[in-house]
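Report on the structure given below.
The values are calculated or read from the model by the stated rules, or taken from the named source; none is laboratory data. Only a predicted model underlies this, so the values are computations on that prediction, with no experimental measurement involved. Every residue, glycine among them, receives a Cβ derived from its backbone with ideal geometry; neighbour counts consider all protein chains shown. Protein only, heavy atoms only, side chains kept; ligands, DNA and RNA dropped before computing areas. Shrake-Rupley method; radii C 1.70, N 1.55, O 1.52, S 1.80 Å.
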Amino acid sequence: MFDLSGKNALVTGASGGIGGDIARALHKAGATVTLSGTRLAPLEALAAELGDRVHVATCDLSDAASVEALPKAAVAAMGSVDVLVNNAGITRDNLFMRMSDDEWQSVIDVNLTSTFRLCRGVLRGMMKARWGRIVNISSVVGATGNPGQGNYAASKAGMVGMSKSLAAEVASRGITVNCVAPGFITTAMTDKLNDEQKARILTQVPVGRMGDPGEIAAAVLYLASPEAGYVTGTTLHVNGGMAMI
Amino acid sequence: MSDIADRVKKIVVEHLGVEEDKVTENASFIDDLGADSLDTVELVMAFEEEFGIEIPDDAAETIQTFGDAVKFISGAV
């Protein structure tokens, strides 16, 4: 099951904890993978770890031209993009009353607008191939909200509505579009939380622990697989029961 | 019939799965040939590839019938 041999995947944010594990999981399932991120060094380190069937393409997701160029670079490297995983994301938390326009806009640009542009950029190839998998990494806070994260929650909820709309448009062409919504996962992003914050969060997680990036990667692998062809427009919540939605 | 018209017709027949004799000058892709809006996007993509041309979005919107397509492409190649 979940064999991606012969498929080509593009993963953004592959230099991060979750993105790295997503790339590992797709690669292990047989896919050729293009790793994208802003920093070259961690991408090259991951590429070296994976060995063959791997390419690296840096991209600044806040820059429209850079985003437009990424799918083309991935196609040039691999021949096609059959699986797109929009995983890259940033936070710029602040209380709503203190949030600047720049804090708002930068998070919307990187998390939501780049996802839109990358989806648009891979659709032509997927439509022609009559097969495609798009997996957008949302967040539990896109569904529940979170104080201090008005911008981030908006971007992640926006991904869900966008994904459903696109899913409806392209379902007849064999292309599925889904979201995975992680809860609190052990990554550099959640390492910024202090112990008190972490303890408070864990009281809300029935499973009683933070999630592992590999547990997100497993959900992505499923949605990227041929077996998930009848699953589209959905959000798979991987949050230890923190929000049962 | 011109070579361009033949090639356009072949694409339309293949893509929409319609009989060749239904693809007439004034046949509307959507109203007469059963295309949905996504089909029209795909037809334009196929025309672009077949003829090595770029069809901008505003021009694509004016291509409603087989005759429109042949006319536009004849002027663009």
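Keeping to the range A:3-40, report how many residues are of a type in the set (A, V, I, L, M, F, W, C), touching a residue at least 24 places away in the same chain (Cβ under 8 Å) and surrounded by fewer than 17 Cβ atoms within 10 Å (Cβ to Cβ).
Step one: filter the range A:3-40 for residues of a type in the set (A, V, I, L, M, F, W, C), giving A:4, A:9-11, A:14, A:18, A:22-23, A:25-26, A:29, A:31, A:33, A:35, A:40.
If we keep only those that are touching a residue at least 24 places away in the same chain (Cβ under 8 Å) as well, we get A:4, A:9-11, A:14, A:18, A:22-23, A:25-26, A:29, A:31, A:33, A:35.
Among the residues that remain, those that are also surrounded by fewer than 17 Cβ atoms within 10 Å (Cβ to Cβ) are: none.
So the answer is 0.
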Fill in: In the range A:101-150, residue nearest to the other protein chains (Cβ to nearest Cβ) [restricted to those that are buried (at least 24 other Cβ atoms within 10 Å of the Cβ), free of Cβ contacts under 8 Å to residues at least 60 places away in the same chain and part of a strand (DSSP E or B)]
A:132
Item to complete: Kindly state which helices (runs of 4 or more DSSP H) lie completely within the range A:159-245 and contain at least 1 residues that are open to solvent by 10 Å² or more (accessible area, probe 1.4 Å) and hydroxyl-bearing (Ser, Thr, Tyr).
Response: A:188-191, A:213-224
Fill in: Residues being surrounded by 21 or more Cβ atoms within 10 Å (Cβ to Cβ), assigned to a helix (DSSP H, G or I) and hydrophobic (A, V, I, L, M, F, W, C) - total across the range A:48-77
3
Worksheet, complete the sentence: Checked the range B:1-57 for anything away from chain A (no Cβ under 14 Å), surrounded by fewer than 11 Cβ atoms within 10 Å (Cβ to Cβ) and polar (S, T, N, Q); matches are B:2, B:26
Practice prompt. List every residue pair whose Cβ atoms lie under 6 Å apart, where the two residues are 6 or more positions apart in sequence or sit on different chains, the first residue falls within the range B:50-65 and is part of a loop (DSSP other than H, G, I, E, B), and the second residue, located anywhere, is polar (S, T, N, Q) and surrounded by fewer than 17 Cβ atoms within 10 Å (Cβ to Cβ).
Written response: B:64/B:28
